[in-house]
């Protein structure tokens, strides 16, 4: 007599990393403390030339310090942040999500202009006007920022939250912190939307590389567009 097979319920997929959700929140606290320290240094009159040049690289590197401290303390290898391979279908998914994301961002910016509020692009115009040379700003925005921010917000925060709260709450939570970390209320919603796209891309690939590629492409295009318009203001119809 054949034994009747009883269907077994598929267990919910779990995600495990070598650091706890407590370590993840500790990373957020350390980032806040480091950011406050940098703001205090600026208010105390740190050299403006330093801040305009290689100093902007240092500002981005504060995202790595919390991870370095926690990983040294816990003796965790950097490989767990997601430096593995990924499949090309993730790129297609990311492109589709970015189209939808930018539709939201365009609507958001149009609403700001309707109420006479400067969008993020207008603030970057002001930054370009103050810079003697945009070289370090471009290097930081197009290369350094995508790498360190994807490592911190997706490789570290998103993974740490995902193993405790599940992937969807982790997407929203890590993206909210990503938006708040930019210290710009005007760009909070656009940054949050892009953070959601990048977090989901990480979730599908378990690799930081797709997010870094998307992040670098977004920043490069945005910075180049704003720089060209700042040099040739006649391109914008008055």
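The values are calculated or read from the model by the stated rules, or taken from the named source; none is laboratory data. Remember, it's a predicted structure, so these values are computed and weren't measured experimentally. In this analysis, Cβ positions are derived from the backbone assuming ideal geometry, glycine residues included, and neighbour counts consider all displayed protein chains.
Values for this structure:
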read-out: Candidate set: segment 159-172, residues that are part of a helix (DSSP H, G or I) and either on the phi > 0 side of the Ramachandran plot or surrounded by fewer than 21 Cβ atoms within 10 Å (Cβ to Cβ) (or both); chosen: the one nearest to the chain's Cα centre (by Cα); value: 172
read-out: Selected residue [out of contact with any helix residue (DSSP H, G or I) (no Cβ under 9 Å at 6 or more places or on another chain), assigned to a loop (DSSP other than H, G, I, E, B) and at pLDDT below 70] from 13, 5; value: 5
read-out: Any hit, segment 42-58, residues being touching a helix residue (DSSP H, G or I) at 6+ places or on another chain (Cβ under 6 Å) and either assigned to a helix (DSSP H, G or I) or modelled with pLDDT of 95 or more (or both); value: yes
read-out: Residue selected from segment 78-121 under the condition closer than 18 Å to residue 151 by Cα and free of Cβ contacts under 8 Å to residues at least 24 places away in the same chain, by the criterion surrounded by the fewest Cβ atoms within 10 Å (Cβ to Cβ); value: 79
